[in-house]
Amino acid sequence: MPVTSVTKNTDSLTMTVVAEFPASVARLWDAYVDPRQLERFWGPPTYPARFTRHDVAVGGRSEYAMTGPDGDVSRGYWEWLAVEPLRSFEVRDGFAREDGSANSEMPSMRMEFVFTPQENGSRVTTTTYFASIDQLETLLGMGMEEGLTLAMGQMDEVIADLRTFAADIPTLAQILSDTQVRVSRVIRGPVDAVWRAYHEPDLLRRWLLGPDGWTMPVCEVATAVGDSYRYEWESGAQRFGFVGELLASAPPHRAVTTERMIGMPAETTNELTLTAVAGGTLMSLLITYPDAQLRDTVLATGMTDGMETSFRRLESEVLT
């Protein structure tokens, strides 16, 4: 068990959990900022978590759901208050409703995570700040201490798993629900450069092409929330494209758009998140489909293979 101490202080209204691991600070940091890794330990063993949003930036937000053995669901959120890469981050953690919004009927608390190097690894110190003694007692009575301790106990296995999250793993699509898919890949380049590659037409035309032989004759980028975009690709007599609207933008970390293939009625919502990790930038794309049938139809087209070809082109021709 990596947890070395749990200290509750009723004077300062805090609970501090210290855990030590035989891994570098960078490896431990990545376990928290990569939703694929975080969801493998954040929930207790019988209540695994699933993160559908994870914006590692001040003003960002994370949303997750923990599902119990009987199918009961407990939802939560983080509001990101401070981020010092490889040193610390601070969030407001609270209970959420089904739509992801804060449940004001339940308490929320401030949590600070501090990462420090040790002689044989690293340490994470998690301090929870409560608003009152009643809140402290209520949340501890709900099993917060046990849940956090059990969650931390699962981190050893995640941190030791270097291969699953390595930077050379190709594009991966994970089915999160009947309507949601998360596509992930570590792109070898800094966040700012990857953001520009997604939003500057001259750069997009150089890499967002899928299989060899295609060109991008139309590349109209949405630059402000509410703007529309239009992308079209061409190869010989073949031509197709997508249109949509920019719903939200927080450069260089997050952009949310709608997407519809030209000539087709079905529309998806795409949430792009870019996060700095060891090896480059973690690209996470959460796609929400109208139904499971369209989700499966799109995945069956070889979507991730085409994306992988584009990402390799991005690394070799734009980010070098």
Given labels modelled 7 Å from the Cα in the Cβ direction, how far is it in nm from Met106 to Ala266? 3.3
Calculate the FRET efficiency for Ser228 and Arg163 from the Cβ-Cβ distance with a Förster distance of 45 Å, rounded to the nearest 0.05. 0.60
How would you rank 282-294, 33-45, 163-175, highest first, on the average number of other Cβ atoms within 10 Å across their residues? 33-45, 282-294, 163-175
Approximate spin-label separation Glu119-Ala82, in nm, with each point projected 7 Å along Cα-to-Cβ: 3.0
Hey, any idea what the orientation-averaged projected area of the convex hull of the chain's Cα atoms comes to, in nm²? 17.6
Using 1/(1 + (r/R0)^6) with R0 = 30 angstrom and r between the beta carbons of Asp156 and Val73, what's the FRET efficiency to the nearest 0.05? 0.65
Explain nothing, just the number: relative contact order of the chain, from Cα pairs under 8 Å at least 6 residues apart, as a whole percent. 15
Testing the spin-label approximation: label points 7 Å from Cα along Cα→Cβ at Glu137 and Asp11. State their distance in nm. 2.0
Can you tell me how much longer the chain between Arg92 and Ala292 gets when fully stretched, taken as 0.36 nm per residue apart minus their C-alpha distance, in nm with one decimal? 68.7 nm
Euclidean distance between Cα centres, the range 1-61 to the range 156-225, Å: 26
With springs connecting C-alpha atoms under 10 Å apart, model the chain as a Gaussian network and identify which of Glu146, Glu63, Glu308 has the largest mean-square fluctuation. Glu146
Determine the gain in length on full extension of the stretch Arg312-Glu259; use 0.36 nm per residue of separation and subtract their C-alpha separation, reporting nm with one decimal. 16.8 nm
Can you give the helix-only mean residue ellipticity at 222 nm for the chain, where every DSSP H stretch with n ≥ 4 adds -39500 (n - 2.57) and the sum goes over all residues, rounded to the nearest 500 deg cm²/dmol? -6000 deg cm²/dmol
Could you give the distance between the Cα centres of the range 246-320 and the range 95-117, to the whole Å? 27
Can you work out the FRET efficiency for the pair Leu247 and Leu299, with r the C-beta to C-beta distance and R0 = 22 Å, to the nearest 0.05? 0.45
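Values quoted throughout were computed directly from the atomic coordinates according to the rules given, and no laboratory measurement underlies them. All figures in this text were calculated on a predicted structure; none of them were measured in a lab. Cβ atoms come from the backbone with ideal geometry, glycine included; neighbour counts cover every protein chain shown.
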